[in-house]
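Here's the structure we're looking at; comments come further down.
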Amino acid sequence: MILDATCAPSDISYPTDLGLLNQARKHTEKIIDLLYEQVKNQLDRKPRTYRKLARKNYLKVAKKRRPFREERRKSLKQQLQYIRRNISHIKQLVKMGANLSKLSNRQYKILLVISEIYRQQLWLYENNKKSIDDRIVSLNQPHIRPIVRGKAGKTVEFGAKLSASYFDGYVFLDRISWNNFNESTDLKTQIESFKNYTGYYPESVHVDKIYRTQKNRAWCKERGIRISGPPLGRPPANISKEKKKQAAEDEKIRSSIEGKFGQGKRRFSLDCVMTKLSQTSKTAIAITFLVMNLSTYLSRLLRDFLCLFVSNLPFLRFNISKHYNLLNFSKQKLIFSPSLNNQ
């Protein structure tokens, strides 16, 4: 049995604090326009939003390849001030009789998300921090969270984190979460699911370093399950050839689940989940794993058919040659028979 975790990135642009605030500001301006139409008879003029100036200030920093830290903080402060002014305008328009129910469901949801983004970004700016719990990185998909992977090229991915198990050529999706979690806590549940499915515990479990905790090792030892990898503590000075060979074999076995993740991301579009809602994204990810297993099953079915065909090939050759000889004999009989030629 092989265990590992991966991330299914969603289809969003790379999030930045400044770009997220700029999007939030533009949406608040659209909401102000809609609410103003309801109460414009009660006002002398439309509330000021300074949208042209706000966009100019945003582009001034966003177009730079590497803006200075002071410039970026100044631009963040400006966008936060624009959003605070727009939110106060929305509250005033509502007090004057504007009805939020006239907004579409999407606009009302975005308004709630904007208020949370403003709170988070204001806290980050005032405390000079770079991270916060439950950080929103997408205005249209607020359920997405940053998943720190620590891999070359992609230190952070934005999407759902998956915990999966692999045995007998099939990969099983055990857990989907939008929050970052420690996959080592799923080892016991995954092994128990394996036992419920097969009726027995696996002989060995092949995992990477994060799974090899003391609790997981002790739990596997009680049930007679060998866990891959070197033991805890200082490595011995001399390692026998058998242990080196066993470690190399374990690593080869463990790499098969990485190949399955690569197949899902390259061939079955798991590298870019295009659905937008939380539940539909989870459904799309689960269907991807289902299709991967069906593909494995069909390939095995085709292999068994070809093996059966090849095993029966001598018998087929004998029958084909037999029928071919009878056909030639009948043709010769028709050609050289005088009675048939006269007729």
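Derivation of every value follows stated rules applied to the coordinates shown; laboratory data play no part. If you're wondering where the values come from, they're calculated on a predicted model, not measured in any experiment. Cβ placement follows ideal geometry from the backbone for every residue including glycine, while neighbour counts extend to all protein chains displayed.
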The alpha-carbon center of segment 262-314 and that of segment 19-56 are separated, in whole Å, by 49
Non-local residues with an amide H under 5 Å from the amide H of Arg175, with H modelled 1.01 Å from N and Pro and chain starts lacking one, are Ser163
Packing-ranked peptide list from 106-116, 190-200, highest mean Cβ count within 10 angstrom first, is 106-116, 190-200
Taking Lys and Arg as +1 and Asp and Glu as -1, residues besides Glu157 with C-beta under 13 Å from its C-beta add up to +4
Most packed first (mean Cβ within 10 Å per residue), the peptides 175-188, 224-237 order as 175-188, 224-237
With +1 at each Lys and Arg Cβ and -1 at each Asp and Glu Cβ, the charge dipole magnitude of segment 13-127 around its Cα centre, to the nearest 20 debye, comes out at 540
Of the candidates Ala5, Phe68, Gln107, the farthest towards the positive dipole end of the chain (Lys/Arg Cβ +1, Asp/Glu Cβ -1, centred on the Cα centre) is Phe68
Relative contact order in percent for the chain (Cα pairs under 8 Å, 6+ apart) equals 21
Relative contact order of segment 13-127 (C-alpha contacts under 8 Å, at least 6 apart) in percent is 42
Once amide hydrogens are built 1.01 Å from N within the peptide plane, the residues lying 5 or more places from Arg149 or on another chain with amide H under 5 Å from its amide H are Val156, Glu157
Descending packing, highest mean Cβ count within 10 Å first, for 216-223, 260-267, 18-25, 242-249 is 18-25, 260-267, 216-223, 242-249
The set of residues whose placed amide H lies less than 5 Å from the amide H of Met96, leaving out same-chain residues fewer than 5 positions away, is none
With +1 on the Cβ of every Lys and Arg and -1 on the Cβ of every Asp and Glu, the dipole magnitude of the chain about its Cα centre, in debye rounded to the nearest 20, is 1800
Rounded to the nearest 500, the 222 nm mean residue ellipticity computed for the chain from DSSP H runs (n ≥ 4, each -39500 (n - 2.57)) alone is -19500 deg cm²/dmol
Residue by residue through segment 20-35, the couplings from Karplus 6.51 cos²θ - 1.76 cosθ + 1.60 with θ = phi - 60°, in Hz, x for Gly and Pro, are 5, 5, 5, 4, 4, 4, 5, 5, 5, 5, 5, 5, 4, 4, 5, 6
Net charge (Lys, Arg +1; Asp, Glu -1) of residues whose beta-carbon lies under 13 Å from that of Phe194, Phe194 excluded, is -2
Expressed in Å to one decimal, the Kirkwood Rh of the chain from all distinct alpha-carbon pairs is 26.2
